[in-house]
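Colleague: One structure coming up, written as structure tokens, with questions to follow.
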Amino acid sequence: MATDELRSPLLPPRRPRRVSSAAATLALLLVAGLGPLPSACCGTSRSRHSPRSSPPDPVELTLLAAAHDKGAVCLDGSPPGYHLQTGSGAGSRSWLIHLEGGGWCNTVRSCSGRRTTDLGSSKFMQTRINFTGTLSNDPALNPDFYSWNRVFVRYCDGASFAGDSQHGDQDGNGKLFFRGRRIWEAVLDELMQKGLAHSEQALLTGCSAGGLATLLHCDDFRARFSSEVLVKCLPDAGFFLNVEDISGQRSMRSVYSGVVHLQNVTEVLPKDCLLANKDPTECFFPAEIIKSVRTPTFIMNSAYDSWQNVVAPDSSSPDESWRRCRADIRSCNSSQIQVLNGFRKAMVDGLKAVGDNKDCSWFIDSCFSHCQAWFDNSPWDTPVAPRLGNKTLVEAVGDWYFGRSPSQAVREIGCEYPCNPTCNSLQLPAQFTTDLYYGKEKSDRLVV
């Protein structure tokens, strides 16, 4: 099987047509996970809310039609877009920008395929989505950011908002537009006109491929504001590793190499890394990027990320047991857990390499999850949220951003799996979480 056909993380979870009674199902699953939690590893619960009683209000899609003149277009040439929910009260001059994730495309073939999905064309994007997790306007679920201006930037370039090139498509009848960097700039320019330029505080976030984009653009985001504005970055599940998988191949590096060279991402790569004569592909990995980031950053990641492509690509899994382990960590045997612990060590070592940078913080738990801050059923702020250092994710992020922690750097690394009793063992299917986020109706698609 070719590299561009790997299931994870090149391709995101499939988005289903419908999941009935989603809110009720979620409530039942959360309730089922409650119970006394041992405090030896991670402290006791400090939950401060009751569950939301009604679903969030959908937020409309805004297309940047004028961005076409700047060449800021999706893979198929359609205009990019974003969803904006305006802030209120004390949050009216505060902004949270979230960059959508969704894997990458690293060949002409895979990028051509994405053009007929919402990850390559705004023609297939939902016109309305639900804002949950860090984007929620519910003060019980999102106490620190609920009243801010909150933006969800759609991902349709396949290179973490980093490329600037174009290429003929697979059939030779059209073009592929690799314009992620221009999309980033065009969206930010429009948001600056809508009030972002007058921010008193701002937070750039992103999940998965969007988490990588958050790291790549963090300092550029900071540079758009005066020194008086509080600006920080929160990459979620974007710390992908440059390591060998169990087949002895560096599959993730192969994916990134294709992205870097096909889409021409050099302009956004850290200059320190390039000046050290390192391969541009290496400079696309977070372990290298964070060495150059100067803006305060909070890296949120699972050390056992369920979508990391470091265990084995589907085609090279040596036996069925690895396929089961890759799908659910509870199916892994002891020897497989030892291998996963080796990947955990690689992540921890990568973070500790920037230990002298007090502006770099992290929250690395040992839960089998991916993107922990944007779904309603994520660990963001639920009674079963994982805890490290006696804090949940929502508490740790809030204390870090607003300086409520005793030290400038907030650094929590969980113990090896399965020692953390606060990890929710009730894993919800990726299709279920995606449906909650994007809504249940497929008829809401925009065609332009």
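Colleague: Which ³J(HN,Hα) values, rounded to whole Hz and listed in residue order, are derived for segment 80-86 from phi using the Karplus coefficients 6.51, -1.76 and 1.60 in 6.51 cos²θ - 1.76 cosθ + 1.60 with θ = phi - 60°, glycine and proline given as x?
Modeller: x, x, 7, 10, 10, 10, 5
Colleague: Please give the peptides 107-117, 296-306 ranked by average Cβ packing (other Cβ atoms within 10 Å per residue), highest first, as a rough proxy for protection.
Modeller: Values: 107-117: 20.2, 296-306: 24.9.
Ranking, from highest mean packing down: 296-306, 107-117.
Colleague: Could you order peptides 193-204, 235-246, 396-407, 283-294 by the average number of other Cβ atoms within 10 Å of their residues, highest first? Could you put the intermediate results ahead of the total?
Modeller: Details: 193-204: 17.8, 235-246: 23.8, 396-407: 16.1, 283-294: 21.4.
The most tightly packed comes first, giving 235-246, 283-294, 193-204, 396-407.
Colleague: In whole Hz, with x marking every Gly and Pro, tabulate ³J(HN,Hα) for segment 104-119 from phi via Karplus 6.51 cos²θ - 1.76 cosθ + 1.60, θ = phi - 60°.
Modeller: Karplus-based 3J(HN,Hα) across segment 104-119 equals 9, 10, 10, 9, 4, 5, 5, 5, 4, x, 6, 4, 9, 10, 5, 8 Hz.
Colleague: For segment 61-131, which whole percent of the accessible surface, found with a 1.4 angstrom probe, sits on carbon and sulfur atoms?
Modeller: Details: 1150 of 2240 Å².
Percent of accessible area from carbon and sulfur atoms in segment 61-131: 52.
Colleague: Output wanted: per-residue J couplings in Hz (rounded whole) for segment 251-260, from phi through Karplus 6.51 cos²θ - 1.76 cosθ + 1.60, θ = phi - 60°, x for Gly and Pro.
Modeller: After applying 6.51 cos²θ - 1.76 cosθ + 1.60, I find 4, 5, 5, 5, 4, 5, 4, x, 4, 4 Hz.
Colleague: Can you list the residues, at least 5 places off or on another chain, whose amide H is less than 5 Å from the amide H of D169, using H built in the peptide plane?
Modeller: For D169, whose amide H was placed from the backbone, the distant partners under 5 Å are G174, K175, L176.
Colleague: Give me the distance in nm between label points sitting 7 Å out from Cα along the Cα-to-Cβ direction at L274 and D328, one decimal.
Modeller: The answer from the label model is 4.6 nm.
Colleague: Suppose the chain between D399 and T116 were pulled fully straight at 0.36 nm per residue; how much longer would it get relative to their current alpha carbon spacing? Kindly include the intermediate steps, with their values, before the conclusion.
Modeller: Numbers: separation 283, 0.36 × 283 = 101.88 nm, distance 4.16 nm.
Net length gain for the segment: 97.7 nm.
The values are calculated or read from the model by the stated rules, or taken from the named source; none is laboratory data. This one's a predicted model, so the numbers in the text were calculated from it and none came from an experiment. For neighbour counting, all protein chains shown are included, and Cβ atoms are generated from backbone atoms with ideal geometry for every residue, glycine included. What goes into the accessible areas is simple: the full protein's heavy atoms, side chains included, and nothing from ligands, DNA or RNA. Shrake-Rupley method; radii C 1.70, N 1.55, O 1.52, S 1.80 Å.
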